[in-house]
Amino acid sequence: MTPTRKKRLRRLSNGLSFAILIGIIALILLWDLMVHTTPVGHASVVWHRLAWSPERSSEGPLDEGVHVILPWDKFYTYDIRLQTFDQVYEVVSGDGLHMEITLTFRWRAVKNNITVLNRNVGLNYLETLLVPVVGSVAREVIARHEAEKLYSVERSKVQTQIYDRVVTHDYPNGIGKRTTQ
């Protein structure tokens, strides 16, 4: 091998070593932005900041496991297991009595609709969508009943009416009875 060829090879190997070193450093620095884990019972959505078309701006639902994304994209994770939440609401009964009620409601985000939920409502859908809708429906239903009957005879009837009204497809709340997983 000639000395000039050895020099070129050494320069090439030095340049390649430098590029590999820079790549390793970049990978270490960007690891938290690129590698994400979707835990058991969750689904994730990737929002691409640099999407070439509006239809491709969000990708999902992504199943459980490890996902590698580009460092400038955003990764959102939603719990798709059955969840419970207690909320206190101030209501007025049909006979004008002001009272506080505590409603416990359960829900499960539908995995196939996670991308739409992420686009239209976001991660805080509990505070943005569920709590206000349930409160509004509860106030509406309780206003039709007398306070005395709410505590005794009609409690289960009121519960059923609130549930039916919240999950009806007529109500433009984005919740609805959906059984697809």
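The values are calculated or read from the model by the stated rules, or taken from the named source; none is laboratory data. Keep in mind that this is a model prediction, so the values were computed, not measured. Every residue, glycine as well, gets a Cβ built from its backbone with ideal geometry; the counts of neighbours run over all protein chains shown. Only protein heavy atoms, including side chains, enter the accessible area calculation; ligands, DNA and RNA are left aside. Shrake-Rupley method; radii C 1.70, N 1.55, O 1.52, S 1.80 Å.
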Fraction in percent of alpha-carbon pairs per bin - 10 Å, the stretch 81-166: 16, 46, 25, 12, 2
Area accessible to solvent at Arg5, 1.4 Å probe radius, in Å²: 150 Å²
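If we count every other residue with Cβ under 14 angstrom of Gly41's Cβ, Lys/Arg +1 and Asp/Glu -1, where does the sum land? Don't skip to the answer; put the middle values down first.
Details: positive: Arg81, Arg108, Lys111; negative: Asp63, Glu64, Asp79.
After counting each charged neighbour, the total is 0.
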Exposure of Tyr163 as accessible area (Å², to 10), given a probe of 1.4 Å and all protein chains: 130 Å²
Shape box of the chain [Cα atoms, principal axes, largest first, Å]: 102, 28, 24
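Counting only helical runs of four or more DSSP H residues, what would the 222 nm mean residue ellipticity of the chain come to if each run contributes -39,500 (n - 2.57) and the total is spread over all its residues? Write down the numbers at each step before the final one.
Details: 5 runs with 68 residues, N = 181.
Helix-only estimate at 222 nm: -12000 deg cm²/dmol.
Determine the share of the stretch 30-89's accessible area contributed by carbon and sulfur atoms, expressed in whole percent, with a 1.4 angstrom probe. Walk me through the intermediate numbers first.
Details: 2220 of 3790 Å².
Looking at the stretch 30-89 in its full context, I get 59 percent from C and S.
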Largest to smallest accessible area among Lys74, Lys7 [probe 1.4 Å]: Lys7, Lys74
With DNA, RNA and ligands ignored, accessible area of Ile20 (1.4 Å probe; Å², nearest 10): 100 Å²
Å² per residue, accessible surface of the chain at 1.4 Å: 69 Å²
For the stretch 1-87, the fraction of alpha-carbon pairs in successive 5 Å shells from zero, as %: 3, 12, 14, 13, 11, 10, 9, 7, 6, 5, 4, 2, 1, 1, 1, 0, 0
